[in-house]
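Chemist: I'd like to ask you about the structure that follows.
The values are calculated or read from the model by the stated rules, or taken from the named source; none is laboratory data. Since the structure is predicted, the reported quantities are computational estimates derived from the model, not experimental observations. Using ideal geometry, Cβ is built from the backbone for each residue, glycine included, and neighbour counts are taken over all protein chains shown. In case anyone asks, the SASA skips ligands and DNA or RNA and just uses the protein heavy atoms, side chains included. Shrake-Rupley method; radii C 1.70, N 1.55, O 1.52, S 1.80 Å.
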Amino acid sequence: MIDMERYNLLVTYHPNQSRLAEQELRRVVGDIGEQIEELEHACVDGVFCARVAGDPKELVYDLRASMQEEPDLLSHTYHWVPVERWVEADEDTMRRTAAELAEGIGENERWMMHLHKRHIDQHSEDLVLSLTDPIHVGKVSLTSPDKIIAVEIIGPMAGMSLLDREEIIDTNKIRQQAGLVTIH
């Protein structure tokens, strides 16, 4: 098992496209002027754990801006999620961390939770309800949030962040908005 706490960016891809996804990841990070210090496959198929030299939020923000001009820029990677903290993937720890991250949400801001879970049995909807229960700030918006509490569970660890909506990438959503076909 790799030491997840060393990584500040998760990038997902189709497991059969590992080589192409890695080439794409390295190319676009380099094109933005950033450097990958370390890149590993997670303990689950289809997820890269990366440590980038700079701020991963700025990297994703810049990449998303590039995709506005060139929406087909990414064709082998799906989600790009900066990670601020790694915590144990037990419900109590994740609830406390979600509440702490939510302190960065303004009273008038809209927010949502983005959750991907791998190798954990709990139902996603139940988990989202549990993790959002202690958050009493702002207003929930699943369609146009200002802030996103990202929770990426990979086995016994969860990468968690509070992100602006421009600091996370769902390649297929951006492609759809531009009228392009989705990638699988």
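Chemist: Take the residues in segment 59-87 that are of a type in the set (Asp, Glu) and touching a helix residue (DSSP H, G or I) at 6+ places or on another chain (Cβ under 8 Å); name whichever of them is farthest from residue 24 (Cα to Cα).
Modeler: Filtering segment 59-87 for residues that are of a type in the set (Asp, Glu) and touching a helix residue (DSSP H, G or I) at 6+ places or on another chain (Cβ under 8 Å), the one farthest from residue 24 (Cα to Cα) comes out as 84.
Chemist: Among (1) over 14 Å from the mean Cα position of the chain (by Cα); (2) touching a residue at least 24 places away in the same chain (Cβ under 8 Å); (3) closer than 25 Å to residue 177 by Cα, which single condition is residue 69 missing?
Modeler: In the conditions (1) over 14 Å from the mean Cα position of the chain (by Cα); (2) touching a residue at least 24 places away in the same chain (Cβ under 8 Å); (3) closer than 25 Å to residue 177 by Cα, residue 69 misses (2) alone.
Chemist: For the subset of segment 107-155 comprising residues that are in a helix (DSSP H, G or I) and of a type in the set (Gly, Ala, Ser), which member is farthest from residue 173 (Cα to Cα)?
Modeler: Top of the filtered list is 130.
Chemist: In addition: Going by the conditions given, is residue 144 over 24 Å from residue 44 (Cβ atoms), open to solvent by 30 Å² or more (accessible area, probe 1.4 Å), of a type in the set (Ser, Thr, Tyr) and in contact with a helix residue (DSSP H, G or I) (Cβ under 9 Å, 6 or more places away or on another chain)?
Modeler: Answer is yes for this residue.
Chemist: Here is a further query. Considering every residue within segment 64-75, establish whether at least one is under 27 Å from residue 156 (Cβ atoms), open to solvent by 50 Å² or more (accessible area, probe 1.4 Å) and of a type in the set (D, E, K, R).
Modeler: Checked against the condition, which is being under 27 Å from residue 156 (Cβ atoms), open to solvent by 50 Å² or more (accessible area, probe 1.4 Å) and of a type in the set (D, E, K, R), segment 64-75 yields no hits at all.
Chemist: Does residue 104 qualify as being closer than 19 Å to residue 8 by Cβ and assigned to a loop (DSSP other than H, G, I, E, B)?
Modeler: Answer is yes for this residue.
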